[in-house]
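The values are calculated or read from the model by the stated rules, or taken from the named source; none is laboratory data. Please read these numbers as outputs of a predicted model, since none were measured by experiment. Using ideal geometry, Cβ is built from the backbone for each residue, glycine included, and neighbour counts are taken over all protein chains shown. The area values use the complete protein model at the heavy-atom level, side chains included, leaving out ligands, DNA and RNA. Shrake-Rupley method; radii C 1.70, N 1.55, O 1.52, S 1.80 Å.
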Amino acid sequence: MNVPATKDDWDARQYLKFEDERTRPPRDLLAQVPLLQPRTVVDLGCGPSNSTELLVERYPDATVIGLDSSKDMLRQARQRLPGCAFIEADLATWTPREPIDLLFANAVFQWVPDHQMAMKRLIESLPEGGVLAAQMPDNTREPSHVLMQEVANRGSWAKNPGLAEAARGDLPTPESYYDLLKPLCRRVEIWHTIYYHVMAGPTAIVEWFKGSALRPFLSALDAQATADFLAAYTAEIARHYPTRADGQILLRFPRLFLIATR
């Protein structure tokens, strides 16, 4: 039975509306992981297990474990990959109790408070040769995200205290990740990739972010305010993302990748 997610929980079905686009970054990240035969792999922030599935396919002989704090995401993950183990845990405090060869983190660390210290703690838990592979959206300066805050700052909801910290902060610089992790690792690789996702129109962009960055904004609003907020945001998206030659629009989406080998 599918149990609906609560308003504060992640909604696996909403997230998976753009499964193909969301799975490209973990596929690209996994292609650069240098391990050939890891024994134990943990998918940090596994979500509905679209990234976990990639790990199972790449490493069929490994023990692959998914970890997430969302009950709805874990429910979907267990349905999709019943042969895998999934655990509910908070990445802000979780530390493995046994040696892990690969910690794989697809679009999760940006949600973790003080995530650089969480990365450092996890790297220190790895055995020699262990790998932390992570990618994070680096799009807080893109119109899609700037407009969320602009819409939040006006309208009847402007004084809603729940919106004060709804926007995700900028990622630290690539240099800061290198300086943090290199003293602990023999090799650290960092790069950016900019994806241009073909979207059917402004509503498609809104639907995309309803499954991620819009969640903290919408969770602070009642039903009518949510509808009004989304209408205002959709209108702004339409103004800032012009229609291309074929009638569709392009969503520019930068992401930061890193692979740290202990």
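Within region 162-187, residues that are under 19 Å from Pro137 (Cα atoms) have Cβ atoms under 9 Å from residues that are outside any loop (DSSP other than H, G, I, E, B) and among the hydroxyl-bearing types (Ser, Thr, Tyr) in these pairs: Leu171/Tyr177, counting only partners at least 6 apart in sequence or on another chain.
Criterion first (within 17 Å of the chain's Cα centre (by Cα), surrounded by fewer than 18 Cβ atoms within 10 Å (Cβ to Cβ) and under 30 Å from Pro113 (Cβ atoms)) does Gly169 satisfy it? Here the answer is yes, as Gly169 does meet what is asked.
The residue that is nearest to Glu142 (Cα to Cα), counting only those in region 206-255 that are of a type in the set (Gly, Ala, Ser) and touching a Gly at 6+ places or on another chain (Cβ under 9 Å), is Ala238.
Only one of the numbered conditions (1) under 29 Å from Ile249 (Cα atoms); (2) modelled with pLDDT under 95; (3) open to solvent by 40 Å² or more (accessible area, probe 1.4 Å) is violated by Tyr196, and that is (2).
Summed over region 208-239, residues that are in a loop (DSSP other than H, G, I, E, B) and within 30 Å of Ile190 (Cα to Cα) total 4. The listed residues are Arg187, Arg141, Arg97, and the only one of them that is surrounded by fewer than 13 Cβ atoms within 10 Å (Cβ to Cβ), at pLDDT below 95, over 15 Å from the mean Cα position of the chain (by Cα) and not aromatic (Phe, Trp, Tyr) turns out to be Arg97. Report yes if some residue within region 123-134 is of a type outside the set (Asp, Glu), at pLDDT 95 or above and surrounded by fewer than 15 Cβ atoms within 10 Å (Cβ to Cβ); otherwise report no. Yes: region 123-134 contains one or more residues that are of a type outside the set (Asp, Glu), at pLDDT 95 or above and surrounded by fewer than 15 Cβ atoms within 10 Å (Cβ to Cβ). When the residues of region 172-184 are filtered to those that are open to solvent by less than 40 Å² (accessible area, probe 1.4 Å) and hydroxyl-bearing (Ser, Thr, Tyr), the one that is farthest from the chain's Cα centre (by Cα) is Ser176.
Of the strands (runs of 3 or more DSSP E) lying entirely inside region 46-144, those carrying at least 2 residues that are touching a residue at least 40 places away in the same chain (Cβ under 8 Å) are 102-106, 131-137.
For the condition outside any loop (DSSP other than H, G, I, E, B) and under 30 Å from Ala220 (Cα atoms), His197 qualifies. Out of all the residues in region 147-163, which are open to solvent by 10 Å² or more (accessible area, probe 1.4 Å) and in contact with a helix residue (DSSP H, G or I) (Cβ under 9 Å, 6 or more places away or on another chain)? Once the filter is applied, which keeps residues that are open to solvent by 10 Å² or more (accessible area, probe 1.4 Å) and in contact with a helix residue (DSSP H, G or I) (Cβ under 9 Å, 6 or more places away or on another chain), region 147-163 yields Gln149, Glu150, Asn153, Arg154, Gly155, Ser156, Trp157, Ala158, Asn160, Gly162.
Out of region 199-211, which residues are surrounded by 13 or more Cβ atoms within 10 Å (Cβ to Cβ) and either within 18 Å of Arg239 (Cα to Cα) or over 17 Å from the mean Cα position of the chain (by Cα) (or both)? Correct list: Met199, Gly201, Pro202, Thr203, Ala204, Ile205, Val206, Glu207, Trp208, Phe209.
Of the conditions (1) touching a residue at least 40 places away in the same chain (Cβ under 8 Å); (2) part of a loop (DSSP other than H, G, I, E, B), Pro242 satisfies every one except a single condition; which number is it? The failed condition is (1).
Looking only at residues in region 154-184 that are farther than 30 Å from Asp20 by Cβ and touching a Phe, Trp or Tyr at 6+ places or on another chain (Cβ under 8 Å), which one is modelled with the lowest pLDDT? For region 154-184, the residue satisfying everything is Gly155.
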